[in-house]
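**Student:** I have a structure here, written as structure tokens, and I will follow up with some questions on it.
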Amino acid sequence: MATPQTGKKPSFSVRRPIMAVLIIELLLLLAVFAAGAVATVKQLDYTSPVLMSFTPMAVVLIIYLTLRRRWSETGFRPLRTIPVQHAKYYIPLLLVLGTIALKGFAELTLAKVTFFIFFTLLVAFVEETVYRGLIFKTLLRKSAVAAIVTSSILFSITHMLNALSGQSMADTMLQLIYALLLGAVLALLMLKNGNIIPLILFHFIHNLIQFLSDDLQDTNTLPYDLFLLIVLAVHCVWLIYSARKEKRVSADAGPAGHELIH
């Protein structure tokens, strides 16, 4: 049925948001599984499945967002659109990056750094565009809670694929919890500012530090990991409290203030 305002039929994601989200997630998982199978048969290194699956996904996303003119709607906006007073909400992310960097770095070469800059930027662009962009924005039409919770859970579940590469169950569970909390924080920041650029930059730097770190040679990373979980949990509580406070202010302001809360 066409909308009275535009005379156009609503898109599939508008008419069937849950189905649209399921299709996006299943396509992503299918691409990763297929690339993983090829990499296993050909005995390629651990970065190959991501490169084989995420590179075409990045191309498809760029074409889709360009043809449908959805860059801005998905959150690709100038950083100046973020209110100055909201900059403080990104400070805990800097603490996360600093904590990861404390683990130290492995021996670095120009070739290694260059490769992982491309690799982690690719991952950050695809995952943020899919989870905090398409999936989050699609479910936001239903409710903010649905958008935050679902996008975070799906983001966490996707990282379960690491268990297939020989990672221990304990490490996988820790990573799932970490990914869930991190996904919630990024989704809450997306809700607050509607800008995906800082999230991509954080995701990129976060993964780059991890891949270049000396983590594999450090057998006692549990204190760091627990501290990170605490930081992310507190960050979630802070952002939720802030969102509820803004919602109360918006309600008190009357109908004109309702646009402030998505």
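The values are calculated or read from the model by the stated rules, or taken from the named source; none is laboratory data. The model shown is predicted, which means the values in this text are computed figures rather than measured ones. We place every Cβ from the backbone using ideal geometry, glycine too, and count neighbours over all the protein chains shown. Protein only, heavy atoms only, side chains kept; ligands, DNA and RNA dropped before computing areas. Shrake-Rupley method; radii C 1.70, N 1.55, O 1.52, S 1.80 Å.
**Student:** Could you look through region 106-140, keep only residues that are of a type in the set (D, E, K, R) and either touching a Cys at 6+ places or on another chain (Cβ under 8 Å) or closer than 22 Å to residue 26 by Cα (or both), and pick out the one that is surrounded by the most Cβ atoms within 10 Å (Cβ to Cβ)?
**Tutor:** Within region 106-140, the first condition is being of a type in the set (D, E, K, R), and the residues that meet it are 107, 112, 127-128, 132, 137.
Going one step further and asking which of them are either touching a Cys at 6+ places or on another chain (Cβ under 8 Å) or closer than 22 Å to residue 26 by Cα (or both), we end up with 127-128, 132, 137.
Details: 127: 23, 128: 25, 132: 27, 137: 21.
Selected residue: 132.
**Student:** Among the numbered criteria (1) open to solvent by less than 50 Å² (accessible area, probe 1.4 Å); (2) of a type in the set (Ser, Thr, Tyr); (3) closer than 28 Å to residue 201 by Cβ, which single criterion is violated by residue 72?
**Tutor:** Condition (1) is where residue 72 drops out.
**Student:** Sort out which residues of region 45-64 are open to solvent by 80 Å² or more (accessible area, probe 1.4 Å) and either touching a Phe, Trp or Tyr at 6+ places or on another chain (Cβ under 8 Å) or modelled with pLDDT under 90 (or both), and write them in order of number.
**Tutor:** 45, 46, listed by residue number.
**Student:** Right, something else. Hey, could you check region 192-245 for residues that are acidic (Asp, Glu) and in a helix (DSSP H, G or I) and say which is modelled with the lowest pLDDT?
**Tutor:** 215
**Student:** Can you tell me which of 158, 172, 150 is free of Cβ contacts under 8 Å to residues at least 24 places away in the same chain and either surrounded by 13 or more Cβ atoms within 10 Å (Cβ to Cβ) or closer than 20 Å to residue 189 by Cβ (or both)?
**Tutor:** Working: 158 fails: free of Cβ contacts under 8 Å to residues at least 24 places away in the same chain; 150 fails: free of Cβ contacts under 8 Å to residues at least 24 places away in the same chain.
When all the criteria are applied, what remains is 172.
**Student:** Which pairs have Cβ atoms under 6 Å, sit 6 or more apart or on different chains, and link a residue in region 98-126 that is modelled with pLDDT under 90 to one that is part of a helix (DSSP H, G or I) and open to solvent by less than 60 Å² (accessible area, probe 1.4 Å)?
**Tutor:** 103/215; 105/212
**Student:** Sticking with this structure for a sec: Would you mention how many residues in region 183-207 are of a type in the set (A, V, I, L, M) and open to solvent by less than 10 Å² (accessible area, probe 1.4 Å)?
**Tutor:** Taking region 183-207 as the starting set, the residues that turn out to be of a type in the set (A, V, I, L, M) are 184-191, 196-197, 199-201, 205.
The next check asks that each one be open to solvent by less than 10 Å² (accessible area, probe 1.4 Å); those that pass are 185-187, 189-190, 196, 199.
Count: 7.
**Student:** What number goes with the only condition from (1) at pLDDT 95 or above; (2) more than 17 Å from the chain's Cα centre (by Cα) that residue 38 does not pass?
**Tutor:** Looking at each condition in turn, residue 38 falls short on (1).
**Student:** Taking region 33-77, which residues are within 24 Å of residue 187 (Cα to Cα), free of Cβ contacts under 8 Å to residues at least 60 places away in the same chain and assigned to a loop (DSSP other than H, G, I, E, B)?
**Tutor:** 68, 69, 70, listed by residue number.
**Student:** Could you list all residues from region 90-121 that are within 16 Å of residue 203 (Cβ to Cβ) and of a type in the set (Phe, Trp, Tyr)?
**Tutor:** Across region 90-121, the qualifying residues are 90, 116, 118, 119.
**Student:** Now for a separate question. Tell me, yes or no, whether region 60-83 has at least one residue that is over 19 Å from the mean Cα position of the chain (by Cα) and closer than 25 Å to residue 181 by Cα. Don't jump to the end; show me each part of the working.
**Tutor:** The initial filter retains those residues of region 60-83 that are over 19 Å from the mean Cα position of the chain (by Cα), namely 63, 66-69, 80-81, 83.
Applying the additional criterion that residues be closer than 25 Å to residue 181 by Cα yields 83.
Within region 60-83, one or more residues are over 19 Å from the mean Cα position of the chain (by Cα) and closer than 25 Å to residue 181 by Cα.
**Student:** For residue 89, state whether it is surrounded by 11 or more Cβ atoms within 10 Å (Cβ to Cβ), over 28 Å from residue 45 (Cβ atoms) and of a type outside the set (Asp, Glu).
**Tutor:** yes
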